[in-house]
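A short worksheet on the structure shown next.
The values are calculated or read from the model by the stated rules, or taken from the named source; none is laboratory data. All values derive from a computational prediction rather than experimental measurement. Glycine gets a Cβ as well: all are built from the backbone with ideal geometry, and neighbour counts include every protein chain shown. Just the protein is used for accessible areas: all its heavy atoms, side chains included, with ligands, DNA and RNA removed. Shrake-Rupley method; radii C 1.70, N 1.55, O 1.52, S 1.80 Å.
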Amino acid sequence: MTTLAIKGGAPVRTNPFPAYQVIGEEEKKEVLRVMDSGILSRYLGCWHDDFYGGPEVQRLEKEWAGYFGVKHAMAVNSATSGLYCAVGAIGIEPGDEMIVSPYTMSASATAALIYNAIPVFADIEEDCFCLDPASVESRITPKTRAIMAVDIFGQPYNADLINALAKKHGLYVIEDCAQAPGATYKKKHAGTLADIGVFSLNYHKHIHCGEGGVVVTDNDELAERVRLIRNHAEAVLDGKKSPKEHLVNMIGFNFRMPEIEAAITRCQLRKLDGLIKERQTNCFYLAERLGQIPAIEPPVVREGCSHVFYVHGFKFQEKIAGVSRDLFIQAVRAELPYTMLRKDEGPLLGAGYVKPLYLQPMYQHRIAYGNHGYPFSESSVSYHKGVCPVTERMYEKEFFNHEMMRPGMTREDLDDVARAFEKVWECRAFL
Ligand SMILES: *Cc1c(COP(=O)(O)O)cnc(C)c1O
């Protein structure tokens, strides 16, 4: 008889899974070339040719814009910085509301708070986990200024419906495409579906340079405002023709990407297509295998879209399984090894993704700037439990995801992942 590893039996596999290692000889060569040039960054925080950054940054921006078919690309030192630039650039006012999903990385929402604007959380779609257009519509008030649409898990947001709502109500849409480089929506790239898009280059993402990000837009004015916020706007405006026109949200930052990261990113961009193809092949294979288990629903790909699977997300139906998702996933984890380079995390399989953002202490206690509740004290927006019931159900009961499908995994490796799920399914009565 088979014994589950969680009950003391032999696990399906103990030998670690291969690393997702996308940094190679090309990157090493480029890093050395930049080191030899002696220019590790060439920004000047004043009105000057070097206000726009050094040669590698500018080359990267041209190549990035070309690949994604967009007029402007601006490199920054993280997607978080990029989101701050984007929200500042649209001219958001203190007290304005920005509608955002609670099922995302926290910076998608703090990008509003940094300008003293208020994140308003709308619920997500049952199938694709992106912002639900009907819920977004129900959150629109006279104070709404923008919608932050996140391409969560690598799938583009519902651009037709969300963009139509924005148009009808005169709102900006910002696309957080940190998890979706290379995904498409009706042949257009994720990141270019909204007024402005923000990519991430941190080491969890499809391609990376350590830490970095890129902001894209077709709008000349937004692009220039992003460049200003990135690089000490307030100190630069004196050199501009009509400084008064540009004053809104021009407290600048230093969000500049260094030359070495730009050079690495240029190499990484050339690898993106291949990395996505391999990832998709692995995901479709595993979805097919795991989808045979009656309680497991593989990811839905939105019609007309390609999904790039930042993580591979499934739904689990406790009623069909007769055991809870958490216990089931815990048992599968016990069957599987860690992945090289991320040993401390154990098996790259988890239940729930992130806690709905409004349940974080900052929103629950309504304390952000100082100790008197600003800017929440100016708003009656609710962050109570129950605000987004679909998100809460996904977090608490249904959703799980894994990353054991990234390029580098062989067919045998994927089979071990599937076998772990199958074994726990067959033995679930013993849990
Ligand atoms: C990773 C991520 C970010 C932040 O990216 P950084 O480059 O680490 O700042 C923002 N939004 C989403 C959805 C992300 O996944």
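Odds and ends about this structure:
- Charged side chains reduced to their Cβ positions (Lys and Arg at +1, Asp and Glu at -1) give segment 25-267 a dipole of some 440 debye around its Cα centre.
- Cut-off under 5 Å, modelled amide H: who pairs with THR144 long-range: GLU97
- Taking a span of 27 Å or more along the helix axis (Cα atoms) and a mean Kyte-Doolittle hydropathy of at least -0.5 as the rule, the DSSP H helices of the chain that qualify are 259-290.
- Exposure rank, largest accessible area first [TRP47, TRP64; 1.4 Å]: TRP47, TRP64
- Computed E for SER324/ASP160 - FRET, C-beta separation, R0 35 angstrom, nearest 0.05: 0.45
- Radius of gyration and Dmax over the Cα atoms of segment 253-380, both given in Å: 20.6, 54
- Couplings 3J(HN,Hα) for segment 359-364, derived from phi with the Karplus relation 6.51 cos²θ - 1.76 cosθ + 1.60 (θ = phi - 60°), are 8, 5, x, 4, 7, 5 Hz, where x marks Gly and Pro.
- Taking ALA112, ALA86, ALA134 as the candidate residues, the one with maximal mean-square fluctuation in a Gaussian network model of the chain, Cα springs under 10 Å, is ALA134.
- Three-way shape call for the chain based on the alpha-carbon gyration tensor, with the a/c threshold at 1.5: oblate
- Global form of segment 25-267, assessed from the alpha-carbon gyration tensor, a/c cut-off 1.5: oblate
- Protein heavy-atom surface of the chain, 1.4 angstrom probe: 53% of the accessible area is carbon and sulfur, with nucleic acids and ligands not counted.
- Residue (of LEU171, ASN249, PRO119) at the positive-pole extreme of the chain, dipole from beta-carbon charges: PRO119
- Highest average packing first - 96-104, 333-341, Cβ atoms within 10 Å: 96-104, 333-341
- Cα shape, segment 129-283, gyration tensor, a/c 1.5 rule: oblate
- GLU297 sits among other residues whose Cβ lies under 14 Å from its own Cβ, and their net charge, with Lys and Arg +1 and Asp and Glu -1, is 0.
- Counting only protein heavy atoms and a 1.4 Å probe, the chain has 41 square angstrom of accessible area per residue.
- Backbone N atoms of segment 392-431 closer than 15 Å to the 7 Å Cα→Cβ label point of ASN15 belong to residues 409-417.
- The sum of -39500 (n - 2.57) across all DSSP H runs of n ≥ 4, divided by the residue count of the chain, sets its helix-only mean residue ellipticity at 222 nm to -10500 deg cm²/dmol.
- Long pairs among LYS271/LYS397; LYS167/LYS355; LYS7/LYS343; LYS188/LYS244; LYS29/LYS188; LYS7/LYS319, criterion Cα-Cα beyond 27 Å: LYS271/LYS397; LYS167/LYS355; LYS188/LYS244; LYS29/LYS188
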